[in-house]
Each structure stands twice: as structure tokens, then as C-alpha cells.
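Heads up: the structure comes next, in C-alpha cells.
The values are calculated or read from the model by the stated rules, or taken from the named source; none is laboratory data. If you're wondering where the values come from, they're calculated on a predicted model, not measured in any experiment. We place every Cβ from the backbone using ideal geometry, glycine too, and count neighbours over all the protein chains shown.
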Amino acid sequence: MASTAIINARVFDGENVLPAATTVVVSGATITAVGGPVPDGATVINGEGCTLLPGLIDSHVHTGIPQLELALKFGVTTELEMMGYWDAESRRQIAERDDLADLRTASYGLTAPDGHPNQLTKRLDASVPLPHHHHHETPSGEAVLTTATTPDEAVTFVKQRVSEGADYIKIMIEDGTVFASPGLPMLSRETLSAAVTEAHKHDKLVIAHAMTYEAAEVAAEVGVDGLSHLFLDRGADLNILEKLKGKFIIPCLCLDASILGIKPTTFARDHRVSASLPQTWLTHLNGSMDTFPGGDFSTVLKIVAALRETETIDVLVGTDSSFPVPHLAGIAHGASVHYELQLLVEAGFTPVEALRAATSVPARCFGLGDRGLIKEGLRADLVLVQGGPTGDIRDTLSVKSVWRRGKLLASTAGL
């Protein structure tokens, strides 16, 4: 089997920076050596002046084939979808396509009839290329439930998601406050608890959408495993942190900034971003949602800093990237992962801590035992970047080469 040896690069293995330039050997789809000699006949990649990273993981997206392709170009080798509509065959095809980021998904997210995100999705027109499987019955002939009103319906919902191959379960706890849509229908605590209990019976994680303080409290009380957002409505009230111990949080700071009306214009002007994004996505990135302008982003950063200080709550990189439509503006697949890393550092994370939040930490939290680390025997999902992002996080944008399952992405070959 043909081998590739990446030599002379600094290596961040997902947890730590290795003490000296280390040769990493890839054979087929697998990392076969970290350290040691270059095998006879191996293709040699000289990584002098570069840093080798595990493939990056975006822990919160809504995606499609073009988005998975764009993400991989920026070194994001896995996207974790928090609500989507993929059938089993589509997922099998994605798993085998090394020109796309890999995918894990919650399938449908549990919400109340007319609850979040219906106020957003109903604004999408037919031109938006959403992936749909369009089925209305399960294989056993039951009607597919995409909402619930009772605990029994929530149990059925979870069973259906498990049967169709959902990797985890997503529940919505959203009254619309931060989306300029107050009064959205919400699920009762009893219904949410039933969903969580049923999911755990099937060994599935439960991730809650919760963007207000009260919603975060409810999420903690019903026993979810992770939260896919931060609360934006109550300043730096940190009393809730005790309730969140042992859970993980995907803050999606780039989304928070967009909701608060902050446009990432400086980031978007970086030539490494502007030259790599299609114009549609660059225009989209330069916008914002601006649905909760009364919030304060500096307070959001303080909350993230407090999460870091607890050392009992894992923080994961996620963007909530979705589709390039105006009311979801300010975020772009792939590129915004790098912005999220920069925002975590702005909040007080060290660059190494931020990089862990996009590699080993999400792999551990989501049970992705084959990735997130540069370690012998794991998938060869790798990113080679110019410079030293463990010292200057902005260097993650200087992507030279990307490997997905050991296959060099053609568009990055020889950059």
C-alpha cells in the first residue's frame, strides 16, 4: 500500500504540541506512524515551517453537498449536523466521498408544532438546495413525526430517529426571543424529559438548542448531554454553571455575533478567506442576522471565559452554518470554523485550548473514536497549515494541504 510521509512539520496531535518536528506516516486511510523513519518508497511531503493538525470538526451545522465540499477546502473534515434531512443511502455516499467533509446528523430536531425553527425555514424559498428525503412513513408504515405535543409522541419521535440512523438527538427549547419572534410554541418539560429518557435508553446523546437563560436551565433540568448555544438574554449571570457541570457546550460565537448585529467584515477581508469563498458565500459572510441587537457580545465572551475556568464543562467549536440566505447571514461553512477559533482566543482560550475544541474534544464528546487526534491507527484526517497556530491562532487559515481518509484533497495539492 502506498504511503505518504509528512516530515519536518510541527505537530499538534489534538491534545498537545509534540516537542520536536515529527514524521507522520499515512498508509491508505490510516495514520500508521507518529515518529520514526520515512518508509521506503513513501511519497514525502516537506512540512518545514508548517504545522500538522488533526482534521477540524465543526460541531454545529446544517448542511448540504456543496457545503460539505466547501468545509473540506478549509480543513474541516467532519461536520456534525444538528438538524437535517438525509436518507441512509445519501449518508453512505457521503462517507465514501473523499472530496467532502464527513457527516454525522441528528436527523429531524424535536420541536413543538410551529415551533423553532419553523419561523426561519418558512422564509426559505424553493431556490435553496436543502437536502430532503421526503419520506412520510417509516419502514414499518408509521407516519413520520417531526414534532410532538405529548411525552408519548416524544418517545415515538426518538424511536423513529434512532431507526433511521440518527447519531444523536436534538431538541428545541426556544421561545423566539433572540430571533425577533417572541412567543414561539415550546415543548413542555414533561415532553422534553420523555425524549431525553428515551434517547438515553438507546445510548444516544441529547443536544439542546437553548439561547436564553431559562431555556438553558430547562435543558440542564431535563438531563441533556450538551447545549448547542449560549444564552444571550441575561448578562454574565453565571449561577447556572453549577447545573451545567459535566455537560458540553457549543457556543457558536460567530452565530451570536450575527444575531447581535455584528458583521465579521475584518475576518472576511482576510485574503485567505475572500480568495477561497465563492462570491455567494463571501457576500453571505459579510452580513448579519441582527435579530437581538440589545445583547452585548463582550458579555458573551465573559460567559465563555467562565466556562473555560470551570474545567468541568467542555467547550466545542461550532458555527451553526447553514445556507446562504439573508436571514441566516454572517456565517460560512469551513471559513467560520477559523473565525470561531479566533473568537475563543479572544475570550481567553489559549490557541492550544481552542484547537482542542475543534479536534480532540468534540471527538471525545461525540464518541468519534477514530478521529480528532494524530495517533497511530486513527483515520488520516489531517490539515497542514503554514505557520504556527499553536502560537497565533490566525495561522489556521493558511491551509496548504488537506487529507480526508488519507486522500489528499486535489484543490489543496501543491499549494
Can you tell me which residue among Val61, Val76, Val24 is in contact (Cβ under 8 Å) with a residue 24 or more places away in the chain and either more than 21 Å from Arg97 (Cβ to Cβ) or aromatic (Phe, Trp, Tyr) (or both)? Val24
When the residues of the range 380-389 are filtered to those that are buried (at least 20 other Cβ atoms within 10 Å of the Cβ) and in contact with a Ser or Thr (Cβ under 7 Å, 6 or more places away or on another chain), which remaining residue is nearest to Met82 (Cα to Cα)? Asp381
Cβ-Cβ below 7 Å, separation at least six or inter-chain, first residue in the range 103-116 and farther than 27 Å from Leu70 by Cα, second of a type in the set (Phe, Trp, Tyr) and not in a loop (DSSP other than H, G, I, E, B): which pairs? Leu110/Phe157
Which of the residues that make up the range 169-183 are crowded, with 24+ Cβ neighbours inside 10 Å and in a loop (DSSP other than H, G, I, E, B)? Glu174
I need the full set of residues from the range 1-20 which are assigned to a loop (DSSP other than H, G, I, E, B), touching a strand residue (DSSP E or B) at 6+ places or on another chain (Cβ under 6 Å) and either assigned by TED's automatic domain parsing to the domain that holds Ser360 or farther than 14 Å from Lys375 by Cβ (or both), in order please. Met1, Asn8, Ala9
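Yes/no per residue for (1) over 26 Å from Asp392 (Cβ atoms); (2) crowded, with 24+ Cβ neighbours inside 10 Å; (3) touching a residue at least 40 places away in the same chain (Cβ under 8 Å); (4) more than 18 Å from the chain's Cα centre (by Cα):
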site	(1), (2), (3), (4)
Ser258	no, yes, yes, no
Ser274	no, no, no, yes
Gly287	yes, no, yes, yes
Thr312	yes, no, yes, yes
Residues in the range 322-345 that are over 13 Å from the mean Cα position of the chain (by Cα) and farther than 18 Å from Arg272 by Cβ: how many? 9
Can we say His327 is closer than 30 Å to Ile169 by Cβ and either modelled with pLDDT under 95 or part of a helix (DSSP H, G or I) (or both)? yes
Does the range 122-135 contain at least one residue that is modelled with pLDDT of 80 or more and in the same structural domain as Val337 (by TED's automatic domain parsing)? no
Tell me the residue from Thr51, Thr32 that is more than 17 Å from the chain's Cα centre (by Cα), surrounded by fewer than 24 Cβ atoms within 10 Å (Cβ to Cβ) and among the polar types (S, T, N, Q), please. Thr32
Within the bounds of the range 201-218, is there any residue that is of a type in the set (Gly, Ala, Ser), modelled with pLDDT of 95 or more, part of a loop (DSSP other than H, G, I, E, B) and more than 23 Å from Glu346 (Cα to Cα)? no
Is it the case, given these coordinates, that Pro54 is touching a strand residue (DSSP E or B) at 6+ places or on another chain (Cβ under 8 Å) and in contact (Cβ under 8 Å) with a residue 24 or more places away in the chain? yes
Going through the range 270-310 in order, the residues found to be closer than 15 Å to Gly330 by Cβ, part of a helix (DSSP H, G or I) and among the hydrophobic types (A, V, I, L, M, F, W, C) are Val273, Trp281, Leu282, Leu285, Phe297, Val300
